[in-house]
Amino acid sequence: MMSSTITLCFLLLSSGVLHVYGSCVGRCNDPLDNTKPCQCNSHCVQYNDCCDDYHDVCGQGSLSSLADTLWNLDVNRLVADTDYVINYQGQVNENNKYDNAPLPFFTSLNENKVDSITSYVQFKSLLDNYESTIGQAEDLTSQEWGEIDAFLDTVMASGVMQEAFKYLHENGHVPNDAAQFREKLKEMWFNLYPRSSGGVIESSGFEHVLVGEHRSTVSGFHNWLQFFLQEDAGRLDYQGFVKTGEPRIVGSQFDWVGYWKSLGSFFLGTSPEFDMSLYSVCAIMHPNAVCSFHMNGSDVRIQTWDIGHKTGLQIASAYPIL
């Protein structure tokens, strides 16, 4: 994960609920608290002392409302302990490289169900289109672009992406043009770019976030199905969990084809269209920043990054913060 240029000070309450100082995460409708630099109740609008993320986290038509809607619309999400079973095993410190999990992370997965859902099948077809070594030039064949277009068509037709598109349009972030929005998603996620200014064409948002890359260590790799597939193929060794969160978020430590990841976070069981929809909304609304909201009863924060040396918005990274 990239280092944030924004310093956040965290207060961990005795209840175990994480509150972000200067943010409305976990504070919606709290009474006036003069020890805080900003407020998160309906009076803050009148007194002009709302936290910067008040409208996103707590307001009507907020990101929280959208996130709950997206969660409920994710009809292709797999069911924990029914469609898949995981084994957390030992907890590890992200700064220490040791294996505290002798068994795989995934005990089982209903692969028949996965292979019966179009978006999963198309997602899997994209995973071998990329060269994971950062710094090695890449290109995509016409067949691979065809696979991307088929996947994008499926994602665009999904309820979660349709709702995300509607929300972004209604809040003035994109025009009411589905074809134009599809091209924006293609640019954000699939058009190749250099990860460093003047470097070779080597990466894309999809490759970094959902497939994974490596140089001296693993970079990106924030998708549960890719994790399962690589572990099942014997290419990934799960070493233990660093942190967990809700709804169904894990931060894991692992070795992938000889490269180490100290903390890789991802949602568990969510569909590819859900991940792309949620990350796209956050990237468009809050590029290079933390996107905070309430979803399915839990406070969630998503960090997104843009490739700054390239014109327009391209996903450099996107992941849930734990």
Residue that is nearest to Leu192 (Cα to Cα), among those in region 144-171 that are assigned to a helix (DSSP H, G or I) and hydroxyl-bearing (Ser, Thr, Tyr)
Thr154
Looking at Val45, Val20 in this structure, which one is modelled with pLDDT under 75, among the hydrophobic types (A, V, I, L, M, F, W, C), more than 30 Å from Gly205 (Cα to Cα) and not assigned by TED's automatic domain parsing to the domain that holds Gly264?
Val45
Among the residues in region 130-143, are any without any contact (Cβ under 8 Å) to a residue 24 or more places away in the chain and in a strand (DSSP E or B)?
no
Gln239 passes all but one of the listed conditions (1) in contact with a Phe, Trp or Tyr (Cβ under 6 Å, 6 or more places away or on another chain); (2) under 23 Å from Glu111 (Cβ atoms); the exception is number (2)
Of Val209, Val200, which residue is in a helix (DSSP H, G or I) and not basic (Lys, Arg)?
Val209
Val85, sole failed condition from (1) assigned to a helix (DSSP H, G or I); (2) hydrophobic (A, V, I, L, M, F, W, C); (3) touching a residue at least 12 places away in the same chain (Cβ under 8 Å):
(1)
For Asp306, state whether it is surrounded by 18 or more Cβ atoms within 10 Å (Cβ to Cβ), among the charged types (D, E, K, R), under 14 Å from the mean Cα position of the chain (by Cα) and over 22 Å from Val121 (Cβ atoms).
yes
Some residue of region 123-140 being modelled with pLDDT of 95 or more and within 30 Å of Ser65 (Cα to Cα):
yes
Name the residues in region 152-169 that are free of Cβ contacts under 8 Å to residues at least 60 places away in the same chain and more than 17 Å from Leu313 (Cα to Cα), would you?
Leu152, Asp153, Met156, Ala157, Gln162, Lys166
So which residues in region 238-255 are surrounded by fewer than 23 Cβ atoms within 10 Å (Cβ to Cβ) and closer than 22 Å to Val114 by Cβ?
Pro247, Arg248, Ile249, Val250
Only one of (1) within 30 Å of Lys261 (Cβ to Cβ); (2) in contact with a Phe, Trp or Tyr (Cβ under 8 Å, 6 or more places away or on another chain); (3) surrounded by 12 or more Cβ atoms within 10 Å (Cβ to Cβ); (4) at pLDDT below 90 does not apply to Phe10, and that is (3)
Within region 105-116, residues surrounded by 17 or more Cβ atoms within 10 Å (Cβ to Cβ) and assigned to a loop (DSSP other than H, G, I, E, B) come out as Phe105
Kindly list, by first and then second residue, each pair from a residue in region 206-217 that is assigned by TED's automatic domain parsing to the domain that holds Leu263 and surrounded by fewer than 18 Cβ atoms within 10 Å (Cβ to Cβ) to a residue that is hydrophobic (A, V, I, L, M, F, W, C) and part of a strand (DSSP E or B), limited to pairs with Cβ atoms under 6 Å and residues at least 6 apart or on different chains.
Thr217/Trp260
Contacts under 6 angstrom Cβ, first residue in region 94-112 being assigned by TED's automatic domain parsing to the domain that holds Val79 and within 11 Å of Phe241 (Cα to Cα), partner surrounded by fewer than 14 Cβ atoms within 10 Å (Cβ to Cβ) and not polar (S, T, N, Q), 6 or more apart
Asn100/Gly90; Ala101/Gly90
Is one or more of the residues making up region 66-81 out of contact with any strand residue (DSSP E or B) (no Cβ under 9 Å at 6 or more places or on another chain), within 23 Å of Ser277 (Cβ to Cβ), surrounded by fewer than 13 Cβ atoms within 10 Å (Cβ to Cβ) and of a type in the set (A, V, I, L, M, F, W, C)?
yes
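The values are calculated or read from the model by the stated rules, or taken from the named source; none is laboratory data. As the structure is a computational prediction, the values presented were derived from the model and not from experiment. For neighbour counting, all protein chains shown are included, and Cβ atoms are generated from backbone atoms with ideal geometry for every residue, glycine included.
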